[in-house]
Amino acid sequence: MALPRVNSLRLSPDGTRLVSVVQSLNPDGKSYGTALWELPQDPGGEPRRLTRSAKGEAGAEFAHDGTLFFVSRRPDETAKETGGDSAALWVLPERGEPVRVATRPGGVTGVRAAGGTVVYTSAVLPGDSGTEEERRKAREEAGVSAILHEGYPVRYWDHDLGPAQTRIFAGRAAREDLEDVRDLTPEPGGALDEHVSFDVTPDGRTVVTTWRVPLPSGDIRWDLVAIDVADGSRRTLATSGGHDFGGPVVVSPDGRLVACVREGRGTEEVPVALDLWVVDLDTGEGRVVAAEIFPAAVAWAPSSREVFFAADHQGRRPVFRVPLDGAVTRVTPDDGAYAELCPAPDGSVYALRGAIDSPPRPVRIAADGSVTTLPSPTPPLDLPGTLTEVSATAEDGTEIRGWLVVPAEATAEDPAPFLLWIHGGPLSSWNDWSWRWNPWLMARHGYAVLLPDPCLSTGYGQGMIERGWGDWGPVTHADLMAITDECLKRPEIDEQRTAAMGGSFGGYMANWVAGHTDRFRAIVTHASLWNLDQFAGTTDSANYWQRELGVLGSARYARLSPHRSLGEIRTPMLVIHGDKDYRVPIGEGLRLWWDLQRSGVESKFLYFPDENHWVLKPGNAIAWYETVLAFLSQHVLDEEWSRPPSLS
C-alpha cells in the first residue's frame, strides 16, 4: 500500500522531457497524495520530484511550446475570492514556482493545449439568476442537495451526476495567465458528463470531443463532434445508429485526422465490437484501421502517417503499429501490458509497461521493438513466487489460457492451497499489474493463485466473446472448471484445499460457482451481481446491460441469475460490498447476505459504508485483505477464525 505508483506519462513535443503523475501514501497513512515527477530518458538518470503540496497535483499536459500545465487544489493568495479550494489550472515553469492561470467555482478537470490555445473542462451549475458563485452559495444556504433529472443516467460508478454540467472552456495562453477565456458549450445538458474525451488541433482552432446524445427509452449514443474555438459552433464528425464513438480521442500532429475508438453496440444476439477509427477532420469521412481490438492507449506517430496503440492480446497488452495505408504489426514481443504511449521525434515510443509480475514502469521502446526500462519512483519488487502461463481445453475445443502464481516454497511434498481468482468486466483480461486485486499478496501467504481468461475475455478475438455473450454463467463456469482441473494436476498444488473468489462480474461468477458446485472449501464474492433482474434496473448504466440481457423480466434474467440456485449453496461465503458502489448497487450485497442468512449458509458480510466498487482507502484495503485471508485460513487451512486486527 505504501509503494509509489506511476499513474501517467507525458512527453514534451520536442522529446526532451518526460513527466508523470505519481501517487503515494500520505504521511497519515489514511489516504493517497499525488505529485508531478520528471523521469529520466536514459537508464542512468534519477527521477526528480517537481511539485509538493498537501492537495496534490494531477492532469499533467504539455503544450506544443513545452509549457507544462497541471490541475491542483493547492491554495494561493486569491483562491478564496476566485474559486475557494476547488481544483484550478496551473503552469509549472522549468524553473521557479507554479503559477495559477485559471479557476472555476466547480473546479478544473481535464486540460489540453496547442497553438496558443488552452482548453479545459469544468462542472458548471446551470441557471439564469446571478453568477455561478451566487447560485452555488444560494443552493448551499438553502440546504438543498436535491437533483431534478429529466433524462438518463443519474449516477456514474461512485458519484451522482448533476446538477452541475461539464462544459468546455478555451482561452489564449499569455505569459502567466489565460486571456479571452470563453465557454464553448454554454448549454451542453449532460453531453460532456461521464467519460468525456477531447483533444485540440495543433493550430488551437478546433476542439474534438465525444458528445453524449439522449435517445428514446432511456438509451444514449456517443458521437464525435468538432467545436470551433472562435465562435463555439459545433458540427458532428462521426455518428451512427449502431455505434458509439469514444476515447481516447487523439488529433494527428498535422491536424488533418482524428483517431478514436468506435464501439459496435451490442444486442441480445450480437456482442459489442471495438475498432480503431480514423476520421478526416474536414470531410468527416472515416474508416477502420484496426478491427475488433480492445485498446488501452492510442497515439499518433509524429509523421501523422501511422498510429500506435496498445490492445489486449493473449493475456498481454502489446504495442501495435498501423500505417494508414497498411496492415497492423506488433511492436513489442514480450509479456508486458503497455499504456500511456508517447511517440518521440526520433522514432522511439515512451510508455508505461506493467505485467502480472511488474507494476507499471516507464520504458523506451525502440523501432525494432526492444524495450529499455527507465528509472522509476516505484522501487524494484522481490515477488514471493513464480509466474507460469497455463492452458486447458474447453468442452467445445477452445483453448482457455491464464496465469498461475505459485509461492516459492510450494513443492510436491508441501503443496500450496489453491485460489481461483475470476476477473471482472466481463469484457476484460488478466494481463496487467493491479494495485488492488493483487495475487502476490495471496502468494505471500502461501496460496497458489490462478488468473484465468475464460469466455468473454478480451484479446482472443470476437469468437471468445461470442461464446459467452448472453450466456454468462454456464459457459464461463465450464471454462473456469476446465482450467482449474488442469492446474490441480500439478504436484505443487493441493487439490483438496481450494477456494474461489472474484469481484464485479467475477463476483457474479463466484456466486454462480457457489450454486453449481461444492468442490471449493470457501468462496469470496466482492461487489457481486446476485439477482440479475434487480441489478439490471438499479445499476448506473442499465441501458448498456439491457442491450445484452433484454427487457427486464425476460427469460434470460431468470436463467442466468445466480440467486435462482440459492438452495444449492453449501460452501461458506464471504460477502463484500461498498455502500457507494453504483455500478453494482449495495442492494445486491444486502439481498445476497439476507438470502444466505435465511438459508443457513455459513457466511460473513464485510461491509464498507464509505467505499465504492473497488475499496480504495488504504486502511479499508488492508482490512479487505486481512478479512479475506482470515476467512480463507478458517475454511481452507482449517485454522480457527480470528477477527482481523484492523476490525478489532
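The values are calculated or read from the model by the stated rules, or taken from the named source; none is laboratory data. Here the structure is a predicted model, which means the values were calculated and not measured. In this analysis, Cβ positions are derived from the backbone assuming ideal geometry, glycine residues included, and neighbour counts consider all displayed protein chains. Areas reflect the complete protein model, heavy atoms only, side chains present, ligands, DNA and RNA absent. Shrake-Rupley method; radii C 1.70, N 1.55, O 1.52, S 1.80 Å.
Details
- Of the residues GLU640, GLU602, GLU46, GLU57, the one with the largest accessible area comes first in the ranking GLU640, GLU46, GLU602, GLU57, computed with a 1.4 Å probe on protein heavy atoms.
- When the convex hull of its Cα atoms is projected in every direction, mean area for the range 69-217 (nm²): 10.5 nm²
- Projected area averaged over orientations for the range 250-308, convex hull of C-alpha atoms, nm²: 4.2 nm²
- Scoring 241-249, 452-460, 327-335 by mean Cβ neighbours within 10 Å over their residues and listing the highest first yields 452-460, 241-249, 327-335.
- Of the accessible area of the range 153-200, computed with a 1.4 Å probe over protein heavy atoms only, carbon and sulfur atoms account for 42 percent.
- Sparsely packed loop sites in the range 440-515 (the trypsin sites (Lys or Arg not before Pro) outside DSSP H, G, I, E and B with at most 10 other Cβ atoms within 10 Å) comprise LYS489.
- Under 13 Å, Cβ to Cβ, from ILE576 - net charge with Lys/Arg +1 and Asp/Glu -1: -3
- Taking the convex hull of the alpha carbon positions in the range 468-524 and averaging its projected area over all directions gives 3.9 nm².
- Extension gain, LEU324-ASP579: 0.36 nm per intervening residue step, less the Cα-Cα distance, totals 87.1 nm.
- The apolar share of the surface of the range 505-648, taken as the fraction of accessible area on carbon and sulfur atoms (1.4 Å probe, ligands and nucleic acids excluded), comes to 50 percent.
- Net length gained if the chain between HIS159 and LEU383 were fully extended (0.36 nm per residue, minus Cα distance): 77.1 nm
- Charge dipole (debye, nearest 20) of the chain; +1 at Cβ of Lys and Arg, -1 at Cβ of Asp and Glu: 620 debye
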